[in-house]
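Okay, structure first, notes after.
Only the coordinates and a few stated rules stand behind these numbers; no lab work does. From a predicted model like this one, the values you see are computed outputs, not experimental measurements. So basically every Cβ, Gly included, is an ideal-geometry build from the backbone, and we count neighbours across all protein chains shown.
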Amino acid sequence: MKLVSLVVLAFILQSNYSYSQCGSGLDLTLTSQKEVDEFLLNYCKEFDGHLRIKDNSDSLIRIVDLSPLLGLKSVYGILQISCNSLLNLYGLDSLESVGALLLHSNENLVNISSFTKLNYTFGDFWIAGNKRLKNLTEFSNLVQVDGYLRIQYNDSLNNIDALAKLKYAIGILIAGNNQLLNLNGINNILPNSIIDNPLNTHEININNNDILSVCSNNFICEVIKRTDLKFKIEDNNINCNSLDEISNNCLTSLEAFQVDKTISINPNPTFHQLTFELVKPEILYIYDSLGNLTDKISLNSGYHEIDISTKNQGLYFINFSNYKVVKIMKL
């Protein structure tokens with residue numbers, strides 16, 4: 001009987017040991033290279049807790065290598081990496097899912113060099129304050145973010161094209177990325193995946209990206225039609241500076257133009273000028289055949305004559321602020 005009891009006790013102790021070593025309930029922070037080196041010796045490859053890998057200012061040995069983490073398959077809590085000495089994140093190649101991903105303040109991180117198998121986050125996907133990071137190439141298999149997609153204050157980030165497979169996110173925050181040119185990487189997110197936040201939070205927040213000038217992709221052009229969402233779009237470059245600018249640029253592809261035949265602009269075709277009447281004040285936008293905005297003019301109600309004599313010959317689209325579009329030919 002005593003032997004049976006000892007066996008049962010040993011089994012319980014072993015089970016509890018295994019359970020705790022898989023990280024359930026843990027908020028574990030690794031602050032030295034030694035702790036990184038020993039992590040998979042002490043814990044499961046499917047870690048149930050939060051895992052934070054951070055520099056400790058009191059430690060003489062900084063974290064410079066994550067390769068001892070090769071084999072780690074999942075982190076069900078938050079995975080945070082904030083280490084100024086890391087040049088890349090090689091070692092996280094086996095990760096397939098995380099609770100939430102936070103890559104924050106890795107000031108010398110140039111290449112991610114990892115995460116190629118990551119396709120799902122249960123929470124936010126947050127890339128912030130990585131001054132030398134230029135792209136997100138290794139996230140090319142990310143499909144779903146069950147939280148906010150947050151890309152902020154990455155001073156060298158010039159594109160997010162690698163996110164092209166991303167289909168789901170509940171909110172978007174892209175801010176303070178001074179070299180970001182366009183939003184092509186979020187082109188395939190499903191507009192209905194964005195969730196109305198009951199708190200006073202903007203579900204779509206795109207601001208303070210100094211040279212961002214191309215925002216009118218498929219996702220953006222569809223999601224801005226939703227009246228249940230809150231938008232903050234400001235302090236970017238021209239064409240991405242406001243919701244109105246983006247809305248008008250969403251009409252610049254030839255497929256998007258729906259010509260309104262109730263507006264009379266004469267003569268058409270024309271050599272020199274256009275004449276028309278407005279019943280109320282409007283903003284007039286002129287686009288060339290490639291969809292490039294050439295003019296933006298604020299007009300009061302009444303008769304107007306617009307001189308287009310200096311424009312090249314070809315097809316143009318006149319778009320009013322009420323989204324009515326007229327096709328004209330310059331001879």
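Give me the extension gain from Glu46 to Lys311: residue separation times 0.36 nm, minus the current Cα-Cα distance, reported in nm with one decimal.
89.1 nm
Do any of Lys167/Lys280; Lys34/Lys167; Lys167/Lys296; Lys73/Lys131; Lys117/Lys225 go past 32 Å between their Cα atoms, and which?
Beyond 32 Å between Cα atoms: Lys167/Lys280; Lys34/Lys167; Lys167/Lys296; Lys117/Lys225.
Could you compute the net charge surrounding Ile238? Neighbours are other residues with a C-beta less than 12 Å from the C-beta of Ile238; K and R count +1, D and E count -1.
Overall, the nearby charge balance is -2.
If each residue of separation counts as 0.36 nm, what is the full-extension length gain between Lys54 and Asp37 once their alpha-carbon separation is subtracted?
Going from the current span to full extension adds 4.7 nm.
By how many nm would the segment from Phe271 to Ile297 lengthen if fully extended, with 0.36 nm per residue of separation less the alpha-carbon distance?
Using 0.36 nm per residue and subtracting the Cα-Cα distance, I get 7.4 nm.
Classify the stretch 22-249 as rounded, prolate or oblate, taking a ≥ b ≥ c as the square roots of the eigenvalues of its Cα gyration tensor: rounded when a/c is under 1.5, otherwise prolate if a/b is larger than b/c and oblate if not.
prolate
If packing is taken as the mean number of other Cβ atoms within 10 Å per residue, what is the order of 218-230, 76-88, highest first?
76-88, 218-230
So how do 126-137, 28-39 stack up, highest first, on mean other-Cβ count within 10 Å?
126-137, 28-39
What distance in nm separates the simple spin-label points at Asn111 and Asp228, each placed 7 Å from Cα in the Cβ direction?
About 4.4 nm, to one decimal.
Quick one: Cα centre-to-centre distance for the stretch 192-238 and the stretch 138-157, in angstrom?
Taking the Cα centre of each part, the stretch 192-238 and the stretch 138-157 sit 15 Å apart.
For Leu92, which sequence-distant residues (separation of 5 or more, or a different chain) have an amide H within less than 5 Å of its own amide H, given hydrogens modelled in the peptide plane?
For Leu92, whose amide H was placed from the backbone, the distant partners under 5 Å are Phe115.
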